[in-house]
Each structure stands twice: as structure tokens, then as C-alpha cells.
1. Taking T111 as the residue in question, decide whether it is under 26 Å from L258 (Cβ atoms) and within 16 Å of the chain's Cα centre (by Cα).
2. Considering every residue within region 81-91, establish whether at least one is in contact (Cβ under 8 Å) with a residue 24 or more places away in the chain and not in a helix (DSSP H, G or I).
3. Could you please find all residues in region 123-149 being surrounded by fewer than 20 Cβ atoms within 10 Å (Cβ to Cβ) and modelled with pLDDT under 90?
4. Could you please let me know if T156 is within 18 Å of the chain's Cα centre (by Cα), hydroxyl-bearing (S, T, Y) and more than 17 Å from F193 (Cα to Cα)?
5. Kindly indicate the residue of region 64-80 that is touching a residue at least 24 places away in the same chain (Cβ under 8 Å) and part of a helix (DSSP H, G or I) and also farthest from A47 (Cα to Cα) among those meeting that condition.
6. I need the full set of residues from region 60-99 which are among the β-branched types (V, I, T) and either surrounded by fewer than 20 Cβ atoms within 10 Å (Cβ to Cβ) or in contact with a Lys or Arg (Cβ under 9 Å, 6 or more places away or on another chain) (or both), in order please.
7. If you check L49 against the conditions, is it of a type in the set (A, V, I, L, M), under 25 Å from G207 (Cβ atoms) and modelled with pLDDT of 90 or more?
Amino acid sequence: MQQNKQTFAPVAVLLFLCLLWAADSLRFDLFPRSSGGAILPPLVGEAALLGFLSILAAIPAAIRKSHWPQKATLAQAMLVGLGLFVFPALLIEPGNSWITGYTRIALFSLTPLLTIVFDPYLGATEKMEQPAEFLAAIVAIAGTLLVFPMEVPHSTASFLAFSGVLAASASIAAANCLAVRACQPDAVSLFTFSGITAGFAACCLGGVSLVLGKTPAAAASLDLWAMLRLSSLALLFWLMKHMSAVRISTRFLITPLLANLAGLAFLRPHVPLQGWFGLGLIALGAGWLLFVPDQLPQENRNLLRLD
């Protein structure tokens with residue numbers, strides 16, 4: 001019973017996290033008058049949000065007198081900040097006008113597959129090769145392509161934007177693996193790790209924004225949507241200590257799936273049979289990655305054999 005609770009809680013948190021991101025992606029469709037925190041430029045807004053999260057994490061870390069992490073863990077936290085927030089922001093934002101939103105979603109659906117590839121080398125445990133995971137990720141990618149048609153680059157600028165999103169997906173996949181490895185099992189306090197990771201990323205993005213001259217004209221208020229994004233970031237860090245990197249990466253499959261289902265429920269658009277089939281494939285692939293238990297490494301499995 002206790003094991004079921006330990007398994008259910010991270011899955012419930014992940015689904016809630018994806019629901020928050022899906023709501024954020026649909027806010028202009030469902031709430032046309034919502035500003036969505038548009039006062040700040042994207043890089044500045046991301047830096048401000050991460051900086052605020054770092055401060056919030058530092059307060060309980062100081063109260064609990066958490067130990068400062070060792071140099072290796074500190075370096076991992078900084079690398080996670082770069083790979084999870086800084087590099088994707090710098091790689092994606094310049095090409096936003098040269099690539100469609102559907103293409104970005106399709107490319108980010110590769111993140112679980114890349115995480116499966118990176119996890120044995122960068123992750124917390126050395127898992128044996130699992131062809132079923134590769135197949136499930138490919139099924140989910142195929143479903144995503146049916147729902148979100150990917151546009152082939154037709155110019156040098158669109159090719160660079162396409163490559164930037166692909167590189168961002170790989171960066172996030174690698175950072176997922178490193179984050180889970182740094183947080184497991186109890187090498188560092190989660191408040192300390194999240195504070196260092198978010199703070200370092202905020203400083204990097206803020207520094208780049210200053211160099212590029214992208215400074216806010218006015219202070220931005222912490223509205224409802226900013227609070228939702230802040231909550232989703234906090235949940236993401238919590239998952240790093242309670243879920244495998246591959247399962248965490250399914251957020252790039254579940255979020256667009258939930259966004260589509262919410263759009264169908266509230267906006268009621270016409271969906272062709274191909275779209276329904278694609279949504280089914282996404283749910284099938286993501287569900288397999290999320291709910292099927294991981295296999296033990298080959299060495300451990302041999303030790304358990306009595307024959």
C-alpha cells in the first residue's frame with residue numbers, strides 16, 4: 001500500500017504540472033484579455049521568474065540550515081541550470097519567427113527518446129537497454145507528428161531555427177538526467193539544489209539580457225499566470241527527487257495532449273480521424289513510459305536468479 005502511494009504521488013504531480021502548462025499554452029484562446037505577463041521581454045521574464053524561485057528556495061534552505069553542496073554537486077546544479085533553462089531560451093527565442101509552433105511541439109516530442117539515450121550515461125542508475133521504451137517513445141513521436149504537422153526548413157534562417165529547437169530538446173534531455181542524478185538519493189537538499197540551479201540560470205539569462213539591451217521598461221506584477229509558471233517550476237524540481245528522468249521527460253508528450261483535449265472540450269473544433277489516431281498514439285506511448293516499471297540492470301537481475 002505504501003509503495004502504491006509512493007508511485008501515485010509523483011505521477012499525480014507530473015499530470016498536474018502538465019495541466020498547468022497546458023492551461024498556460026491555451027490562456028490566449030480561453031482568456032483573450034489575459035496579458036500573460038507580456039510587460040517583460042522573454043529572457044528578462046524567465047530570469048525574473050527563476051530569480052524569484054531561487055529566493056523562495058533559499059528561505060527554507062536557510063531555516064533548515066542545509067549544508068552547502070560539494071563541488072561536484074554544485075557543478076551539476078549549474079550544468080542543470082544551463083541545460084534546462086539557459087541554453088533552451090537562447091536557442092529558441094531568436095528563431096521564433098522562423099519556425100511554427102507545431103514544429104516546435106513536434107521537435108520537443110523527441111525529448112523522451114533523447115532522454116532514454118542519455119540516461120544510461122548521465123542518469124542516476126545504469127539501466128539495461130529497454131527496446132520497449134524506444135518503441136513507446138517512437139509511437140508517441142509518430143502520434144505527435146499526426147496531430148502537429150512539422151514544417152520542413154525552407155531557408156537558411158528556418159534551418160537554423162529548426163536546429164536550435166532540436167539542440168534545445170537535446171539540452172533539456174541531458175539536463176533531466178543530470179538533475180535526477182544530482183538529487184538522488186539524498187546527496188543534497190532539494191531546496192539548496194533548486195535555489196542554486198534557478199539562481200545560476202537567472203543570473204546567466206539576466207546577464208545575456210543586459211548585453212543584448214533587453215531590459216524591462218517597467219516592473220512586472222506577479223499575476224496569476226506568473227504564479228502558475230512559478231508553481232510549475234517548483235513542481236518540476238520536486239519531481240527530480242521522486243521520479244526517473246525518462247518519466248519526467250514525458251511532460252513534453254502529456255502537455256500538448258492535455259492542451260488538445262482541453263481545446264476540444266472548450267473550443268470544440270473539428271478534428272479529423274488522423275488527429276484522433278495521433279492523440280491515441282501519444283497517450284499510448286506516454287502511458288507506457290510513465291506507468292510501466294523500469295527493468296533492473298542485468299547484473300542485479302542475474303543475482304536474483306536462483307537457478
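The values are calculated or read from the model by the stated rules, or taken from the named source; none is laboratory data. The shown structure was predicted, so the numbers you read here are calculated from the model rather than taken from an experiment. Virtual Cβ from ideal backbone geometry, glycine too; neighbours counted across all protein chains shown.
1. Details: under 26 Å from L258 (Cβ atoms): yes; within 16 Å of the chain's Cα centre (by Cα): yes.
In short, yes.
2. no
3. A124, T125, E126, K127, M128, E129, Q130, P131, A132, P149, listed by residue number.
4. no
5. T73
6. Selection gives I63, T73, I92.
7. Answer is yes for this residue.
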